Amino acid sequence: MQNVMGIINLNDGQELLTELTKGRPFAAIPFGGRYRMIDFILSNMVNSGMQNIGILVQDKYRALMDHLRSGKEWDLARKRDGLFILPPGKSQYSGDNERGNVEKFYNNLDYIESSRQQYVLIAGSHIICNFSYRKAFKFHQDVGADITLLYKEYGGNEELKPSGIIECQGDGLITDIAINPSKPISRKVSLEMYIMKKELLVDLIKNCQARGGLDFIKDILIKNSNTLKVYGYQYKGYAARIDCVKSYYKHNMELLKPEKWEELFFKSGLVYTKVKDEAPVKYKENARVSNALIANGCIIEGCVENSILFRGVTVSKGAYIKDSIVMQKCDIAEDAVIENVICDKNVRITRGKWLKGEKNYPLVIEKGTVI
């Protein structure tokens with residue numbers, strides 16, 4: 001797929017996870033012990049053979065740039081092509097910031113048009129999956145589609161909202177697309193990943209911008225679905241949609257199941273992330289750990305059960321962590337107890353404190369908080 005360029009659109013609703021995006025973009029939220037949200041879609045593109053990837057960023061993207069750096073970990077530090085950060089521009093209307101993702105594409109058309117690839121794959125960062133796009137690209141070429149939309153068919157109602165729902169024929173031709181319908185037209189949920197020719201994308205963006213369109217899905221995809229051949233390609237593997245604290249907590253905790261962990265991290269290729277040379281986990285004499293993911297640099301002297309600990313976490317003697325997510329450099333002091341809690345980076349829980357949330361509504365502790 002060297003003839004396909006990737007565009008990762010980070011205009012994917014930071015307001016849905018405000019508790020964890022105050023100082024970082026959605027794509028930089030830590031996930032799975034040592035990764036960031038963007039690592040999964042970026043690794044998917046690289047594992048599929050794509051060598052030119054642009055990232056349409058919004059605001060607060062310093063943390064993302066610190067994580068990605070030159071793109072070396074994804075083999076994107078190249079003399080030709082590679083990783084490109086596409087910063088936000090100004091709107092042509094009254095000097096405001098960009099008003100929608102269509103304008104974000106429009107302000108970076110020079111990058112898109114100057115690329116040597118003939119096709120483009122557009123995706124967001126809020127879908128966690130491990131997927132090679134080779135078969136989807138082959139399907140796109142075989143059926144002669146103008147646009148191929150990747151989707152997954154879910155069983156439960158919880159995965160259907162808020163989502164884009166599609167209906168398609170047996171050959172994959174999409175007949176209807178709806179955004180957050182009151183009554184779902186099907187159980188086929190868009191993964192918000194699209195394959196099309198670069199020339200077609202440029203024409204659609206220019207025409208949409210000329211007519212005041214703002215939203216890529218509503219003003220480009222849906223409005224042109226009757227005139228373009230839009231096909232759906234079904235993805236049958238593991239795909240987690242992160243759009244709220246509940247889903248973030250749920251899909252992190254799913255990684256404690258070996259079959260989920262293996263499918264996400266190994267089935268279709270490795271997931272790459274920023275390398276930090278830290279010491280292995282240090283388990284002291286009184287440490288007790290069961291069913292947990294613990295990253296490098298942690299020091300464990302207390303009890304950890306059914307939890308995920310990121311790099312550099314300290315769990316002191318007598319401390320007890322259960323069903324929780326503890327991010328980088330947190331310090332859980334002696335005899336402290338946390339259960340059903342999400343601790344953002346650099347949180348310090350002092351001696352003897354007891355914090356408990358609910359499985360359906362975990363307690364979120366802001367970055368840098370001392371309790």
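Restricting to region 10-51, give me the number of residues that are surrounded by fewer than 23 Cβ atoms within 10 Å (Cβ to Cβ) and in contact with a Gly (Cβ under 8 Å, 6 or more places away or on another chain).
5
Just to verify a result, which residue in region 239-257, among those that are in a loop (DSSP other than H, G, I, E, B) and out of contact with any Leu (no Cβ under 6 Å at 6 or more places or on another chain), is nearest to Gly269 (Cα to Cα)?
So the first thing to find is which residues in region 239-257 are in a loop (DSSP other than H, G, I, E, B), and the list is 242-244, 257.
Retained after the next criterion (residues that are out of contact with any Leu (no Cβ under 6 Å at 6 or more places or on another chain)): 242, 257.
Working: Ile242: 21, Lys257: 19 Å.
The extreme case among them is Lys257.
How do the helices (runs of 4 or more DSSP H) wholly within region 84-162 filter down when requiring 2 or more residues that are farther than 27 Å from Ser48 by Cα and either in contact with a helix residue (DSSP H, G or I) (Cβ under 8 Å, 6 or more places away or on another chain) or modelled with pLDDT of 95 or more (or both): which remain?
Passing ranges: none, list empty.
I need the full set of residues from region 299-320 which are closer than 14 Å to Val347 by Cα and among the hydrophobic types (A, V, I, L, M, F, W, C), in order please.
Leu309, Phe310, Val313, Val315
If you check Ala63, Ala77, Ala27, which single one turns out to be of a type in the set (A, V, I, L, M, F, W, C), in the same structural domain as Phe131 (by TED's automatic domain parsing), modelled with pLDDT under 95 and in a loop (DSSP other than H, G, I, E, B)?
Ala77
Can you confirm whether region 273-281 contains a residue that is touching a residue at least 12 places away in the same chain (Cβ under 8 Å), in contact with a strand residue (DSSP E or B) (Cβ under 8 Å, 6 or more places away or on another chain) and not in a loop (DSSP other than H, G, I, E, B)?
No.
Please determine, by comparing only the residues of region 225-235 that are in a loop (DSSP other than H, G, I, E, B) and modelled with pLDDT of 90 or more, which one is farthest from Leu204 (Cα to Cα). Let's see the steps before the verdict.
Pass one, region 225-235, residues in a loop (DSSP other than H, G, I, E, B): 225-229, 235.
When the remaining residues are screened for being modelled with pLDDT of 90 or more, the result is 227-229, 235.
Details: Thr227: 12, Leu228: 11, Lys229: 14, Tyr235: 26 Å.
Out of the qualifying residues, it is Tyr235.
Give me a count of the residues in region 253-301 that are at pLDDT below 90 and of a type in the set (Ser, Thr, Tyr).
Number satisfying all stated conditions: 1.
So which of Lys260, Lys218 is closer than 30 Å to Asp323 by Cβ and either in the same structural domain as Gly155 (by TED's automatic domain parsing) or more than 22 Å from the chain's Cα centre (by Cα) (or both)? Show your work before the answer.
Numbers: Lys218 fails: closer than 30 Å to Asp323 by Cβ.
Going through Lys260, Lys218 in turn, the sole match is Lys260.
For region 278-323, what are the residues that are basic (Lys, Arg) and in contact with a Gly (Cβ under 7 Å, 6 or more places away or on another chain)? Please lay out each step first, then the result.
Let us first name the residues in region 278-323 that are basic (Lys, Arg), namely 282, 284, 288, 311, 317, 322.
Arg311, Lys317, listed by residue number.
Based on this model, can you work out whether Ile53 counts as in the same structural domain as Leu86 (by TED's automatic domain parsing) and touching a residue at least 60 places away in the same chain (Cβ under 8 Å)? Before the answer, list the steps.
On the way: in the same structural domain as Leu86 (by TED's automatic domain parsing): yes; touching a residue at least 60 places away in the same chain (Cβ under 8 Å): no.
Against the criterion (in the same structural domain as Leu86 (by TED's automatic domain parsing) and touching a residue at least 60 places away in the same chain (Cβ under 8 Å)), Ile53 does not qualify.
The values are calculated or read from the model by the stated rules, or taken from the named source; none is laboratory data. Keep in mind that what you see is a predicted model, and the values were worked out from it rather than measured. Glycine also receives a Cβ, built like all others from the backbone with ideal geometry; neighbour counts cover every protein chain displayed.
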